[in-house]
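K.L.:
Structure incoming, see below.
The values are calculated or read from the model by the stated rules, or taken from the named source; none is laboratory data. From a predicted model like this one, the values you see are computed outputs, not experimental measurements. We place every Cβ from the backbone using ideal geometry, glycine too, and count neighbours over all the protein chains shown. Just the protein is used for accessible areas: all its heavy atoms, side chains included, with ligands, DNA and RNA removed. Shrake-Rupley method; radii C 1.70, N 1.55, O 1.52, S 1.80 Å.
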Amino acid sequence: MGSSSVLEERVQSVTPWDVVTERFDEVAPLISLPDSLKKSLLVPYREVSVEVPVTMDDGRLEVYMGFRVQHNGARGPMKGGIRYHQSADRKEVRALAALMSLKTALVDIPFGGAKGGVTVDPTQLSHRELERLTRRFVSRISIVLGPYRDIPAPDVGTNPGIMAWVLDEYGRKNGYTPAVVTGKPVSLGGSLGRVEATGRGTVHVLREAAQAAGIEVRGSTSVIQGFGNVGYHAAKFLDEYGSKVIAVSDVAGAIHCEDGLDIHALSQHVKTTGSVVGFSGADAIDGDTLLHVPCDFLVPAALGGVVQGKEAASKIQAKMVVEGANDPLDPDADAALAEAGTIVVPDILANAGGVVVSYLEWSQNLQQFRWAADQVNTELGKVLSRAFDDVHAFAQEHSVGYRKAAYAIAIQRLAQAETQRGAQ
């Protein structure tokens with residue numbers, strides 16, 4: 001079998017859960033983690049699989065599969081989004097739940113990690129079908145939810161409106177419980193600043209990493225893969241800080257303009273047409289080509305697994321890759337970028353802004369008191385700056401990259417909590 005065939009077979013066979021496990025294995029010796037504790041930290045607390053029958057608008061019945069994986073709750077209530085996507089399955093949701101445990105530990109907020117998902121293409125459902133799907137899913141997993149047990153939030157394919165249905169469905173049996181879900185509309189107890197939090201946080205961490213590396217953000221160039229909530233806000237804030245966003249993409253295609261894209265005009269174009277494709281003043285390019293555009297900052301902000309293998313990574317010409325999406329690089333790609341001297345800011349740090357503001361929303365709900373947007377954004381910046389400083393210091397001390405440093409810190413904090421609880 002040729003080397004290209006071996007690589008192709010590995011790429012096709014490696015699951016998101018395999019990637020998480022491999023990264024645990026890489027870091028364990030660095031922090032002298034016992035095998036027994038490593039196994040305990042990897043195995044999820046609980047996995048729930050449910051059938052989600054939905055009556056469609058035309059009267060037929062469709063049955064979808066739904067999952068809620070509660071990975072670890074040693075440091076607090078489990079926290080994580082609900083994803084609606086045709087690729088969502090148990091292994092993907094399990095991996096994303098583990099990443100949430102690591103993320104909340106790294107930024108040192110009192111949450112554990114969970115994730116939910118329904119195997120469905122939400123773009124093929126009507127508004128009423130989405131509501132029926134959401135309510136049925138929540139009714140079937142509600143036994144494991146609660147403001148001090150497990151708190152969902154938006155993720156790929158979901159939004160504040162869907163979180164409103166989660167709140168209402170849970171409240172049918174449990175009464176008004178705003179702290180049971182975050183990412184809600186502000187009028188229903190959501191936090192100011194939550195919608196833009198992940199994109200804002202990604203750019204905040206990017207600026208911290210750029211300063212540490214001696215790269216000026218003002219006058220730099222950026223490429224954003226994905227122009228949904230995270231990608232749009234990352235582009236918006238990068239533009240505000242003086243970085244030229246020269247290429248963006250979405251599921252329909254990609255565009256490029258060496259002089260920089262007008263992000264406000266582009267967002268209006270997307271609202272009108274539903275895609276970045278066809279935006280005037282920009283050239284259409286292939287979605288894979290976008291990842292290879294020379295730039296200072298490449299921000300993958302769509303789905304995971306977009307760069308797999310050393311060959312794919314070797315085509316990236318960015319000085320820094322900042323993971324706005326969960327797990328966009330597989331371990332082989334990660335290793336290749338490290339060997340090439342490309343700085344990689346890992347997802348559990350770069351896209352933690354959403355869960356930080358979710359924590360602030362949860363806190364506001366418990367207090368029944370709303371914070372001003374400036375206060376939310378200030379607290380977000382403090383939390384992320386402290387987390388970056390921890391990661392940078394560990395990386396310098398141990399001569400490792402940011403990913404290993406971030407994983408090491410997060411796993412140490414999880415291990416400490418498990419041990420102190422007497423789990424061992």
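K.L.:
At a probe radius of 1.4 Å, what is the per-residue accessible area of MET78, in Å² to the nearest 10?
P.N.:
Counting only protein heavy atoms, the figure is 20 Å².
K.L.:
Continuing with the same structure: Using the scaling law 2.2 N^0.38 Å as the reference, what is the normalised Cα Rg of segment 267-424? All intermediate terms of the calculation are to be shown ahead of the outcome.
P.N.:
Values: Rg = 19.0 Å, N = 158, 2.2 N^0.38 = 15.1 Å.
Normalised by 2.2 N^0.38 Å, the Cα Rg of segment 267-424 equals 1.26.
K.L.:
Same structure again: On average, how much area does the Cα convex hull of segment 291-360 cover when viewed from any direction, in nm²?
P.N.:
Numbers: hull surface 17.5 nm².
Across all orientations, segment 291-360 yields a mean hull projection of 4.4 nm².
K.L.:
Sticking with this one: Could you sort 178-189, 394-405 so that the peptide with the highest average Cβ count within 10 Å comes first and the rest follow in order? Before the final figure, lay out each step's value.
P.N.:
On the way: 178-189: 21.2, 394-405: 17.8.
Listed from highest to lowest mean packing, they are 178-189, 394-405.
K.L.:
Further question: From the P(r) of the chain, could you give the percentage of C-alpha pairs in the tail past 40 Å? Working shown, then result.
P.N.:
Numbers: 11181 of 89676 pairs.
Looking at the chain, the distances longer than 40 Å represent 12 percent of pairs.
K.L.:
With the Cα gyration tensor of segment 1-134 giving a ≥ b ≥ c as the square roots of its eigenvalues, does the rule (a/c under 1.5 for rounded; else a/b larger than b/c for prolate; else oblate) give rounded, prolate or oblate?
P.N.:
Here segment 1-134 falls in the oblate category.
K.L.:
At a Cα cut-off below 17 Å, give the aspartates and glutamates reachable from LYS38, other chains included and same-chain residues fewer than 8 away excluded.
P.N.:
ASP18, GLU22, ASP25, GLU26, GLU418
K.L.:
Taking only Cα atoms and a 10 Å spring cutoff, compute GNM fluctuations for the chain and point out the largest among ALA410, ALA95, ALA212.
P.N.:
ALA212
K.L.:
Ordering VAL230, VAL322 by how much accessible area each has at a 1.4 Å probe, largest first, what is the list?
P.N.:
Largest accessible area first, the list is VAL230, VAL322.
K.L.:
Using a Gaussian network model of the chain with C-alpha springs under 10 Å, which one of GLY214, GLY157, GLY381 is most mobile by mean-square fluctuation?
P.N.:
So, out of GLY214, GLY157, GLY381, the one fluctuating most is GLY214.
K.L.:
Give me the one-decimal Kirkwood hydrodynamic radius in Å for segment 239-283, with the sum taken over alpha-carbon pairs. Intermediate results must be reported in sequence, preceding the final value.
P.N.:
On the way: mean 1/r = 0.0948 Å⁻¹.
Here the Kirkwood hydrodynamic radius works out to 10.6 Å.
K.L.:
Follow-up. Pick from VAL43, VAL245, VAL376: which is most flexible by mean-square fluctuation in a GNM of the chain where alpha carbon atoms under 10 Å apart are linked?
P.N.:
VAL43
K.L.:
At a temperature of 25 °C and a viscosity of 0.890 mPa s, determine how fast segment 196-303 diffuses translationally according to Stokes-Einstein, using the Kirkwood radius over alpha-carbon pairs as Rh; express D in µm²/s, rounded to the nearest whole number. Show your work: numbers first, answer last.
P.N.:
Working: Rh = 13.5 Å.
Once the numbers are plugged in, D ends up at 182 µm²/s.
K.L.:
Restricting to the chain, what percent of DSSP beta bridges are antiparallel, rounded to 5?
P.N.:
On the way: 24 of 47 bridges.
Restricted to the chain, the bridges split so that about 50 percent are antiparallel.
K.L.:
Farthest toward the dipole's positive end in segment 354-424, which of GLN367, GLY381, ALA410, given Cβ charges of +1 (Lys, Arg) and -1 (Asp, Glu) about the Cα centre?
P.N.:
Highest projection toward the positive end goes to ALA410.
K.L.:
I'd like the carbon and sulfur percentage of the solvent accessible area for the chain, probe radius 1.4 Å, heavy atoms only, ligands and nucleic acids excluded.
P.N.:
C and S fraction of accessible area: 49 percent.
K.L.:
Between their Cα atoms, which of LYS79/LYS236; LYS79/LYS319; LYS115/LYS184; LYS103/LYS404 are more than 22 Å away from each other?
P.N.:
LYS79/LYS236; LYS79/LYS319
K.L.:
Can you tell me the accessible area per residue over the chain, all protein chains present, probe 1.4 angstrom, in square angstrom? Working shown, then result.
P.N.:
Working: 17390 Å² over 424 residues.
For the chain, the per-residue accessible area is 41 Å².
K.L.:
Give me Rg over Rh for segment 356-424, both radii from the alpha carbons and Rh done the Kirkwood way, two decimal places.
P.N.:
Ratio value, two decimals: 1.11.
K.L.:
Give the dimensionless ratio obtained when the Cα radius of gyration of segment 268-322 is divided by 2.2 N^0.38 Å. Write down the numbers at each step before the final one.
P.N.:
Values: Rg = 13.1 Å, N = 55, 2.2 N^0.38 = 10.1 Å.
Rounded to two decimals, the normalised Rg is 1.30.
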